[in-house]
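The values are calculated or read from the model by the stated rules, or taken from the named source; none is laboratory data. All values reported here derive from a predicted model rather than from experimental measurement. Reconstructed Cβ throughout: ideal geometry from the backbone, glycine too, with neighbour counts over all protein chains shown.
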Amino acid sequence: MNSLKKYLAEFIGTFVLVLFACGTACVVGCNAAKGAGYLITAFAFGLVIVAMAYSIGNISGCHINPAVSVAMLISKKLSILDFVGYVVAQFAGATAGAFVLKYVIADNDQTVSLGSNALYIDIAHTIVVEVILTFVFVLAILGVTSKVENSNVCGLVIGLSLTLVHLFGIGLTGTSVNPARSFGPALAAGGQHLANVWVFIAAPLVGGALAALVYMFLSSQKKAKKEEAAAEAEEIAE
């Protein structure tokens, strides 16, 4: 029952992310001619994370992103069974959010994409951009959630980190850093939007995995130094 509650929380969180954040991108017309649209959309994504972190964070951890879940799996903070459940719930929530968004907004030139991502120059450049953006975002999550004393500010830090990567990435790829967030709108929009959606599924997963491996390496080095210092202190005491 507890696992089902976690999965439901992930479904709801990802549903809200796509409906409100991608919906904001559609409403404000997020394009180069309207710079304010970049800022509004970036903050919309960040604010959704803040809202969800403080509402479902204590239930599921508020991953609402397969790239975050894969990092938690590699870090051994999530079981394989829960990982599968989280990812299924996230993709289902994002898809539901996208179809609801398609229903509630006008189907015109600005909104037809539903916030879908797009290639930057070519596939290779897009993959590099998305891997870097996701790496930075997930690394921030792993860092701020590593200490219990940070629990009160985790949601704010993670939300601002997502805002940061969007500020840089929107003009390049539309910023995915989240396979579920990319899949839902692409499926609902259909047509050409589905052609390259695999890029925005694979690249964030790679970025999340790399962030987990790098953070595990860095934190293990820190732990080793603490243990070495403790040992030296014991020798001096003797």
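Points to keep in mind about this one:
- Qualifying position, being within 13 Å of the chain's Cα centre (by Cα) and of a type in the set (Ser, Thr, Tyr), among Ser69, Ser60, Ser113: Ser69
- Filter result (in contact with a Pro (Cβ under 8 Å, 6 or more places away or on another chain) and of a type in the set (A, V, I, L, M, F, W, C)) within the range 38-83: Ala67
- When residues in the range 139-183 are screened for being assigned to a helix (DSSP H, G or I), in contact with a helix residue (DSSP H, G or I) (Cβ under 8 Å, 6 or more places away or on another chain), of a type in the set (Val, Ile, Thr) and over 23 Å from Gly97 (Cα atoms), 3 of them pass.
- Taken as a whole, the structure places Ala44 among residues that are closer than 20 Å to Ala180 by Cα, crowded, with 16+ Cβ neighbours inside 10 Å and touching a Cys at 6+ places or on another chain (Cβ under 9 Å).
- Which numbered condition Leu17 misses (of (1) surrounded by fewer than 23 Cβ atoms within 10 Å (Cβ to Cβ); (2) at pLDDT 95 or above): (1)
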